[in-house]
1. Excluding Tyr281 itself, what net charge comes from residues whose Cβ is under 12 Å from its Cβ, given Lys and Arg +1 and Asp and Glu -1?
2. Over the range 192-289, what portion of Cα pair distances is larger than 22 Å, expressed as a whole percent?
3. Charges only on Cβ, +1 for Lys and Arg, -1 for Asp and Glu: so what's the dipole of the range 130-279 about the Cα centre, in debye to the nearest 20?
4. Rounded to the nearest Å, what's the spacing between the alpha carbon centres of the range 375-397 and the range 266-322? Just the number, please.
5. Count neighbours as other Cβ atoms within 10 Å of each site's Cβ, and list the GluC sites (Glu not before Pro) in the range 341-408 that are DSSP loop with at most 15 such neighbours.
6. Restricting attention to the range 223-315, which GluC sites (Glu not before Pro) occupy a DSSP loop and are surrounded by at most 15 other Cβ atoms within 10 Å?
7. Given a 1.4 Å probe and every protein chain left where it sits, what share in percent of the accessible area of the range 269-420 is carbon and sulfur?
8. Net charge within 12 Å of Gly194 by Cβ-Cβ distance, Lys/Arg positive one each and Asp/Glu negative one each, not counting Gly194 itself?
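The values are calculated or read from the model by the stated rules, or taken from the named source; none is laboratory data. Everything numeric here is computed off the predicted structure, so don't read it as measured data. Glycine also receives a Cβ, built like all others from the backbone with ideal geometry; neighbour counts cover every protein chain displayed. Areas reflect the complete protein model, heavy atoms only, side chains present, ligands, DNA and RNA absent. Shrake-Rupley method; radii C 1.70, N 1.55, O 1.52, S 1.80 Å.
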Amino acid sequence: MSSGAEPSRGAGGGWTRRRFVGALAAAAAAPTVPACGAPRTDPSVTAPVPGTTHPKAPPAGPPASASASAPSSPAPSSGPRPLFLGTYTSGDGGGKGIGVATYDVETGAVTGGGVVAGVDNPSFLAVHPDGRALYAVDEQNAGAVTAVRLPGNEVLGSRSTGGSGPCHLSVHPGGRWLLSANYASGSVAVHPIGASGALGERTDLVRHDSPAPGPGQQGPHAHQFVTAPDGGHLLAVDLGTDTVYTYRLDETRGTLTEVSRARTRPGAGPRHLTFHPGGRYAYLANEVDNTATVCGYDPATGRLSVGEPQSTGTGGGTSYPAQFLVTPNGSYAFLANRGHNSLTRYAIEADGARLRLLDTVPVGGDFPRHVALSPDGRLLFAANQRSGTVTVFGVDQESGELRRTGEPFASPLAVCALPL
């Protein structure tokens, strides 16, 4: 999502984060986010924080077995594959839940297939490593995360994130823990994943109470929570505090221990971070000051070192960079720019340590909120929020060239595309 720096839009034009989070606050008769202290560093604090959003949520059951972490089968060389679409259900002209579609792995053509109803504002999606379950944020004032069994698209229930406006989630590679980021309340949460794929009660919640918010920000805004390639560290990107926090996860109890912090320059507004396949460098999209940054990463300590900001190739002003993608071979990076409605292409050099700006490519839609690669890296999907479309590009693995494939696929308030 966008930060408060993103310009508001008129009626009927789709919701920005400023407008959406403002509506959440107005709708709440009283604060619903439990008070939290400073981020905990004592792993002995293990008491779960209760809370659900749907009474029908089943118990998570025993932890997933080790076999659950095995990757899903490789995508076939031809034939339709699943494509899930995140949307807003409460915005003007919004969707009805999680969009269900398929795509052709050769042509990129997308075909609609219905909707998973009963999930409110599923603005970000993630799949379990073994493909048995899909997870969605419920981006509301009383934030939640929802599990959906695959195949069959059966909603297994929801759990409270303990915060407001969750906008990102990911599954720990071991398959036993769901990680989520609450944008509006500036916190990160952990939930256990049971053998069925259902979620258990939250095991930890950490709010980013320090450092102080950056210029123009009113508080912390956690925007992403992911596991580093080494598997031993979790990184939380916070736009409000201009900080990337590194945690260790106790994989038995599901609790977090902070180990380091990396600061961007004041007012950068870091949003999303994507690692190079080599695992020692990452690329940070800075939403507020319209820059990109190469970061060094030490797998032994989890420490991130933020480099100098560089151009997104979109000219002056703010273009609200959304996120990076890196090709599987580690040779190219693509950055989605919402204001400029483009994808910046970079060549990756020096084993991941350097980005060289190549050009920008029109995205073929309005406000690309999220981009994703197909499992084989040969197709790129862009979810364009304001135009309510998903555009698809073929990706040349050798040259990094992007080629539009067919006409955009219509999807109301499309804000996330997840090809499987």
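1. So the surrounding residues net to -1.
2. Percent of Cα pairs beyond 22 Å in the range 192-289: 35.
3. My answer is approximately 120 debye.
4. If we compute the Cα centre of each part, the gap is 21 Å.
5. For GluC sites (Glu not before Pro) across the range 341-408 that sit outside H, G, I, E and B with at most 15 neighbouring Cβ atoms in 10 Å, the list reads Glu398, Glu401.
6. Glu251
7. 46 percent
8. Value of the local net charge: +3.
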